[in-house]
Amino acid sequence: MKVFVQIPCLNEEETLPAVLKSIPREIPGVDEVEILVIDDGSTDRTVEVAKELGVTHFVRHARNMGLARSFADGVDYALLHGADVVVNTDGDNQYPQERIADLVQPIIEGRAEVVVADRQTQKVEHFSQFKKIMQRFGSWVVNKAAGTDLPDAASGFRAYSKESLIRLNVVTRFSYTMETIIQAGYKRLAITSIPIETNPKTRESRLFKNIWQHMALSGSAIVRAYLMYRPYIVFATLGVILAVLALIPFVRYLTLLALEVQGDHIQSLLIGAILATGSLLSFALGVIADLTRINRSLSEDSLDLLKRQRYGR
């Protein structure tokens with residue numbers, strides 16, 4: 001069994017040595033451990049430092065492509081080079097790489113296909129109380145969308161089996177973390193988590209400028225993924241809400257008509273008709289979106305076959 005540990009990097013020459021030093025070279029049940037550095041447009045000596053420390057596997061981007069693209073390109077490289085398990089960590093040394101053996105163990109034992117490290121965000125000292133609450137809320141939303149029970153769905157320290165990576169497809173540009181969990185839940189992949197303690201903070205995040213941008217981008221990624229795989233729930237819920245709201249002006253109109261109150265009360269009929277039309281359109285869009293979902297599922301089945309040919313069975 002071969003494990004690839006991939007490290008997305010953007011100007012990480014200062015912290016990369018500590019990351020590489022803490023990665024275990026021997027893991028029980030694993031024959032080979034390879035390290036892959038993904039240079040996402042670094043302008044410092046990240047690549048040179050990695051080479052000096054013995055890294056031989058690289059994926060290089062001429063310009064910054066973002067975390068999701070870096071993850072996808074790293075996975076493609078790792079699978080092409082025979083990876084059975086891919087571990088994703090970070091170049092800023094926020095994660096305890098010495099726990100990689102524990103992270104991959106559920107996959108080696110056949111108990112899981114995706115393992116996500118739980119950072120225990122309530123214990124992270126440099127997280128504000130607001131960020132801790134938002135992290136918990138975000139994980140709750142993802143778990144509801146995916147049908148999972150992960151305490152830290154946003155954690156980037158995770159391990160994937162080869163089979164799970166063949167079945168998962170990253171389409172967002174921001175971050176793969178939320179999207180792959182929702183996909184994995186929809187495709188009924190076995191997911192579990194292990195608790196970890198993060199390392200002290202080394203720098204500010206380069207993935208987003210502030211917590212509000214992070215919330216907006218993460219929220220849009222969750223909504224997009226949910227619409228892709230469970231559109232009927234979204235449009236059916238919207239249709240029911242609009243139908244209920246449409247009843248209010250219609251009931252008002254009939255009540256005023258029965259009481260013989262003066263006036264045509266045409267505005268009630270107009271508002272009711274608009275809401276009822278919106279409800280019908282929502283149900284119609286739900287049917288169309290669900291048909292699109294079915295077509296996407298069939299396309300993904302074909303893509304799975306192509307991936308198996310590309311990466312080997």
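The values are calculated or read from the model by the stated rules, or taken from the named source; none is laboratory data. Everything numeric here is computed off the predicted structure, so don't read it as measured data. Ideal geometry is used to build each Cβ from the backbone, glycine not excepted, and the neighbour counts take in all protein chains shown. Heavy atoms of the whole protein, side chains included, go into the accessibility calculation; ligands, DNA and RNA do not. Shrake-Rupley method; radii C 1.70, N 1.55, O 1.52, S 1.80 Å.
General observations
- With respect to the stated conditions, L291 fails to be aliphatic (A, V, I, L, M), open to solvent by 60 Å² or more (accessible area, probe 1.4 Å), under 30 Å from E163 (Cβ atoms) and touching a residue at least 24 places away in the same chain (Cβ under 8 Å).
- Selection of the range 46-56 for residues being open to solvent by less than 40 Å² (accessible area, probe 1.4 Å) and within 13 Å of E14 (Cα to Cα) yields T46, V47, V49, A50.
- Test for R310: is it surrounded by 14 or more Cβ atoms within 10 Å (Cβ to Cβ) and of a type in the set (K, R): no
- Considering the conditions (1) open to solvent by 40 Å² or more (accessible area, probe 1.4 Å); (2) at pLDDT 95 or above; (3) of a type in the set (V, I, T), T43 is excluded by exactly one of them, (2).
- Filtered residue count, the range 57-76, keeping only those that are open to solvent by 50 Å² or more (accessible area, probe 1.4 Å) and within 12 Å of F4 (Cα to Cα): 0
- The single condition among (1) of a type in the set (A, V, I, L, M, F, W, C); (2) open to solvent by 50 Å² or more (accessible area, probe 1.4 Å); (3) under 15 Å from E98 (Cα atoms) that F4 does not meet is (2).
- Condition met for A83 (at pLDDT below 95, touching a Lys or Arg at 6+ places or on another chain (Cβ under 7 Å) and surrounded by 17 or more Cβ atoms within 10 Å (Cβ to Cβ)): no
- Of all residues in the range 16-39, those satisfying the criterion of being open to solvent by less than 10 Å² (accessible area, probe 1.4 Å) and without any contact (Cβ under 8 Å) to a residue 60 or more places away in the chain are L20, L36, V37, I38, D39.
- Qualifying residue in the range 245-253 (condition: closer than 29 Å to M228 by Cβ and touching a residue at least 12 places away in the same chain (Cβ under 8 Å)): yes
- When R188 is tested against (1) open to solvent by 60 Å² or more (accessible area, probe 1.4 Å); (2) modelled with pLDDT under 90, only condition (2) is not met.
- Counted residues, the range 103-115 - those being in a helix (DSSP H, G or I) and surrounded by fewer than 24 Cβ atoms within 10 Å (Cβ to Cβ): 3
- The listed residue being outside any loop (DSSP other than H, G, I, E, B) and free of Cβ contacts under 8 Å to residues at least 12 places away in the same chain, out of I100, I133: I133
- Exactly one residue out of G156, G138 is in the same structural domain as N64 (by the TED database), assigned to a loop (DSSP other than H, G, I, E, B) and at negative phi, and it is G156.
- When every residue of the range 118-125 is checked against the conditions, at least one turns out to be in a helix (DSSP H, G or I) and among the hydroxyl-bearing types (S, T, Y).
- Residues that are at pLDDT below 85 and within 16 Å of T192 (Cβ to Cβ), drawn from the range 143-168: A146
- Where a residue in the range 67-90 is closer than 10 Å to V170 by Cβ and touching a residue at least 24 places away in the same chain (Cβ under 8 Å) and its partner, wherever it lies, is open to solvent by less than 40 Å² (accessible area, probe 1.4 Å) and assigned to a helix (DSSP H, G or I), with Cβ under 6 Å and at least six apart: A68/Y176; F71/Y176; V75/L165
- Residue match in the range 169-176 (condition: crowded, with 24+ Cβ neighbours inside 10 Å, within 18 Å of P8 (Cβ to Cβ) and modelled with pLDDT under 90): yes
- Restricting attention to the range 258-280 and to residues that are free of Cβ contacts under 8 Å to residues at least 40 places away in the same chain and open to solvent by 100 Å² or more (accessible area, probe 1.4 Å), the residue that is nearest to V234 (Cα to Cα) turns out to be I274.
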